[in-house]
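The values are calculated or read from the model by the stated rules, or taken from the named source; none is laboratory data. Quantities reported herein were computed from a predicted structural model and do not represent experimental measurements. Cβ coordinates were reconstructed from backbone atoms using ideal geometry, including for glycine residues, and neighbour counts include every protein chain displayed.
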Amino acid sequence: MNTSIGFNKPYMTGNETEYIRQSVESKKISGDGIFTKRCHQFLERNYNFKKCLLTTSCTDALEMAALLIDLKEGDEVIMPSYTFVSTSNAFVLRGAKIVFVDSENNTPNIDADKVEELITEKTKAIVVVHYAGMACDMDKIMAIANKHNLFVIEDAAQAIDSFYKGKPLGSIGHLATFSFHETKNIISGEGGMLVINDDRFIKRAEIIREKGTNRSAFFRGEIDKYGWVDIGSSFLPSDIIAAFLYAQLENLEDIQNRRKYIWNKYYEGLKELDSKNLVRIPQIPSYATNNAHMFYLVCKDIEERSALISKLKENDINAVFHYLSLHKSPFYQDKHDGRELPNCDNYADCLVRLPFYYELKEEEIKRVIKTITDFYQK
Ligand SMILES: *Cc1c(COP(=O)(O)O)cnc(C)c1O
């Protein structure tokens, strides 16, 4: 009998509970305690991020971004349709109209060549999503944004420790958001971060994150009392969460090395099927690095994908599909302008993600590869 291979398994590096204990004993377990500061420092130094603010999720960081760019009812935000609901929902909450763009043919990322034609007087921002941690074509996106005076927000939820032409993802747009949800490379259960690369947003971001108050400036001793100065909410995580996260960050290199090892095993084991045109494996653009967030396949059609997922399931292997096209979602289909987005629909129908986690064993990787190879050579 085979043991079952799950899709995801959160990895603990060893120091998580010790750091949580230290955080508890510090007697300051609310937000912005010692471990939050350590996480901010680590991430700002390692990735050249101007300012980091931990949040309780990437969803929250996206909501902060939507507040910071001061969206008004009816403003338009351009983004890919092949993404997680939060990318879009955060801006819809502010009354924005979402203008969805198709994916590239070769990757699920936004097709930068289709963005400019969608810009109107009302366009305020472009949101890019670095799918599977692989960079979008940021030079093209930034050039369009600069020409039309638009903000760029990177949804870098999957993109920790990944680069575009040597620049860390999350350091390029005006704002960027990360996720530390347990399905990502670096985790804290739930958790996220807003990165601010444009100075103009820093002061207000601190206020919005602290319920619309200037409490952060007060704690730094810059003002002698704090009060209500803007809109905001409670976006900051408890220091206990940051303690967990810090243990992960200290082991970032080890985690990334292991994940890249697994990714390359899949790549080597499955590239022959790709070269025979039986199934597509990920293509990494020359300007992008691979942070081994996920390994996916793109099947011929939805029937083939369902059959492959079933075949894997019969062998106790849990592979899963991913996003459904947001422009066709029950919530947004009536609001979408009707343009067809065929590459997005294709990824929604045909993409399948393989089991991927630090503790995936050598023989388990082999079993996944063998099951897929048998499926295509039946
Ligand atoms: C995971 C993910 C999110 C949401 O992250 P949370 O931390 O769970 O809110 C948003 N966007 C993308 C692209 C993601 O992969």
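The single condition from (1) of a type in the set (Lys, Arg); (2) within 15 Å of the ligand (Cβ to nearest atom); (3) more than 21 Å from the chain's Cα centre (by Cα) that Lys184 fails is (3).
Residue-by-condition table, conditions (1) more than 18 Å from Ser86 (Cα to Cα); (2) in a loop (DSSP other than H, G, I, E, B); (3) away from the ligand (no atom under 13 Å from the Cβ):
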position	(1), (2), (3)
Glu117	yes, no, yes
Thr120	yes, yes, yes
Val128	no, no, no
Ala135	yes, yes, yes
Lys140	yes, no, yes
Ala143	yes, no, yes
Asn146	yes, no, yes
Glu154	no, no, no
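Could you check, for the range 50-70, whether at least one of its residues is over 27 Å from Val127 (Cα atoms) and in contact with a Lys or Arg (Cβ under 8 Å, 6 or more places away or on another chain)? Scanning the range 50-70, I find no residue that is over 27 Å from Val127 (Cα atoms) and in contact with a Lys or Arg (Cβ under 8 Å, 6 or more places away or on another chain), so the answer is no.
State yes or no: is Leu245 touching a Leu at 6+ places or on another chain (Cβ under 9 Å), touching a residue at least 24 places away in the same chain (Cβ under 8 Å) and outside the structural domain of Ile69 (by TED's automatic domain parsing)? Write out each step before concluding.
Details: touching a Leu at 6+ places or on another chain (Cβ under 9 Å): yes; touching a residue at least 24 places away in the same chain (Cβ under 8 Å): yes; outside the structural domain of Ile69 (by TED's automatic domain parsing): no.
No; evaluated as a whole, the condition is false for this residue.
Within the range 74-103, restricting attention to residues that are in a loop (DSSP other than H, G, I, E, B) and more than 16 Å from the ligand (Cβ to nearest atom), the residue that is farthest from the chain's Cα centre (by Cα) is Gly74.
If the condition is being touching a residue at least 24 places away in the same chain (Cβ under 8 Å) and either polar (S, T, N, Q) or in the same structural domain as Cys136 (by TED's automatic domain parsing) (or both), then the range 259-296 contributes Gln283, Thr289, Asn290, Asn291.
Condition check ((1) under 21 Å from Glu340 (Cα atoms); (2) small (Gly, Ala, Ser); (3) in a loop (DSSP other than H, G, I, E, B); (4) modelled with pLDDT of 95 or more) across all residues:
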| residue | (1), (2), (3), (4) |
| --- | --- |
| Cys52 | no, no, no, yes |
| Leu67 | no, no, no, yes |
| Lys72 | no, no, yes, no |
| Asp113 | yes, no, no, yes |
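When each of Ile172, Ile144 is tested for being aliphatic (A, V, I, L, M) and either over 22 Å from Cys344 (Cβ atoms) or not assigned by TED's automatic domain parsing to the domain that holds Glu73 (or both), the lone residue that passes is Ile172. Taking the criterion of being of a type in the set (S, T, N, Q) and in a strand (DSSP E or B), the residues of the range 156-181 that qualify are Thr177, Ser179.
Please determine whether any residue of the range 326-333 is surrounded by 14 or more Cβ atoms within 10 Å (Cβ to Cβ), among the aromatic types (Phe, Trp, Tyr) and assigned to a loop (DSSP other than H, G, I, E, B).
As a first pass, look at the range 326-333 and keep what is surrounded by 14 or more Cβ atoms within 10 Å (Cβ to Cβ): 326-329, 332.
Then keep just the ones that are among the aromatic types (Phe, Trp, Tyr); that gives 332.
Retained after the next criterion (residues that are assigned to a loop (DSSP other than H, G, I, E, B)): 332.
Within the range 326-333, one or more residues are surrounded by 14 or more Cβ atoms within 10 Å (Cβ to Cβ), among the aromatic types (Phe, Trp, Tyr) and assigned to a loop (DSSP other than H, G, I, E, B).
For beta carbons closer than 7 Å, sequence separation of 6+ or different chains, a first residue in the range 195-224 that is without any contact (Cβ under 8 Å) to a residue 40 or more places away in the chain and surrounded by 15 or more Cβ atoms within 10 Å (Cβ to Cβ) and a second that is hydroxyl-bearing (Ser, Thr, Tyr) and in a loop (DSSP other than H, G, I, E, B), the qualifying pairs are Lys211/Ser233; Thr213/Tyr226; Asn214/Tyr226; Arg215/Tyr226; Phe218/Tyr226. Say whether the condition of being more than 18 Å from Arg259 (Cα to Cα) and not polar (S, T, N, Q) is met by at least one residue in the range 358-365. Looking through the range 358-365, none of the residues is more than 18 Å from Arg259 (Cα to Cα) and not polar (S, T, N, Q).
The sole residue among Ala159, Ala135 that is buried (at least 21 other Cβ atoms within 10 Å of the Cβ) and out of contact with any helix residue (DSSP H, G or I) (no Cβ under 9 Å at 6 or more places or on another chain) is Ala135.
Scanning the range 84-105 for residues that are free of Cβ contacts under 8 Å to residues at least 60 places away in the same chain and of a type in the set (Lys, Arg) yields a single hit, Arg94.
Among the residues of the range 46-73, write down those that are among the β-branched types (Val, Ile, Thr) and within 13 Å of the ligand (Cβ to nearest atom). Full working, then the answer.
Taking the range 46-73 as the starting set, the residues that turn out to be among the β-branched types (Val, Ile, Thr) are 55-56, 59, 69.
Of everything in the range 46-73, those that are among the β-branched types (Val, Ile, Thr) and within 13 Å of the ligand (Cβ to nearest atom) turn out to be Thr55, Thr56, Thr59.
Out of curiosity, is Ser30 assigned to a loop (DSSP other than H, G, I, E, B) and either away from the ligand (no atom under 16 Å from the Cβ) or surrounded by fewer than 18 Cβ atoms within 10 Å (Cβ to Cβ) (or both)? Before you say what the answer is, go through the steps one by one.
Details: assigned to a loop (DSSP other than H, G, I, E, B): yes; either away from the ligand (no atom under 16 Å from the Cβ) or surrounded by fewer than 18 Cβ atoms within 10 Å (Cβ to Cβ) (or both): yes.
Yes, satisfied.
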